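Scroll down for the structure; my scribbles are underneath it.
The values are calculated or read from the model by the stated rules, or taken from the named source; none is laboratory data. Just so it is clear, the structure is predicted and the values come from calculations on it, not from any experiment. Surface accessibility is based on the protein's heavy atoms, side chains included, excluding ligands, DNA and RNA. Shrake-Rupley method; radii C 1.70, N 1.55, O 1.52, S 1.80 Å.
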Amino acid sequence: QVQLVESGGGLVQPGGSLRLSCVASGSIFNINHMGWYRQAPGKQRELVATISSSGTPNYADFAKGRFTISRGNAENTVALQMNSLKPEDTAVYSCNVVGFFNAYWGQGTQVTVSS
């Protein structure tokens, strides 16, 4: 059974940084891409960034220049470095992995940007 476990969320002041990590346990056949999404209270879930199996990143406009997505040395890990955080970045951030047969989601980690 596949499980995605996120870590690294928390409370940070505006302008600060956080690094989110996601580890997928279990076997996922032929991972196509991995990514991060977020959902703020009262809003729909939105894409933050994805990274393909070949390492090509894709960012939402709000993430460009501030966030960096990366794959770990292990095939089933992905991280999101978030810099220059703003209050509007406050949300639950969830990891997503798309394999050949299925897509998987983590439970999410809370990121709160507040002074």
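Numbers for the structure displayed
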item	result
Segment N30-K64, length gained on full extension (0.36 nm per residue, minus Cα span)	9.5 nm
Cα centroid of region 66-115 to Cα centroid of region 17-35, whole Å	9
Largest-first ellipsoid semi-axes for the chain, taking √(5λ) over the Cα gyration tensor eigenvalues, angstrom	24, 14, 12
Per residue accessible area in Å² of the chain, where ligands, DNA and RNA are left out and the probe is 1.4 Å	54
With eigenvalues of the C-alpha gyration tensor scaled by 5 and rooted, region 47-108, Å	21, 14, 10
Residue-span extension gain [N102 to N83] - 0.36 nm each, minus C-alpha spacing	3.7 nm
Per-residue ³J(HN,Hα) for region 74-79, Karplus 6.51 cos²θ - 1.76 cosθ + 1.60, θ = phi - 60°, Hz, x for Gly and Pro	7, 4, 9, 10, 8, 10
The chain, relative contact order in percent, only Cα pairs under 8 angstrom and at least six apart counted	37
Distant-in-sequence amide H partners of N32 (H built 1.01 Å from N, under 5 Å)	V98, G99, F100
Residues whose placed amide H lies under 5 Å from that of G16, excluding near-sequence neighbours	L85
Residue-wise HN-Hα coupling along region 99-105, computed from phi with Karplus coefficients 6.51, -1.76, 1.60 (Hz; x: Gly, Pro)	x, 5, 9, 9, 10, 10, 10
Contour minus Cα-Cα distance for Q1 and T56 (0.36 nm per residue)	17.1 nm
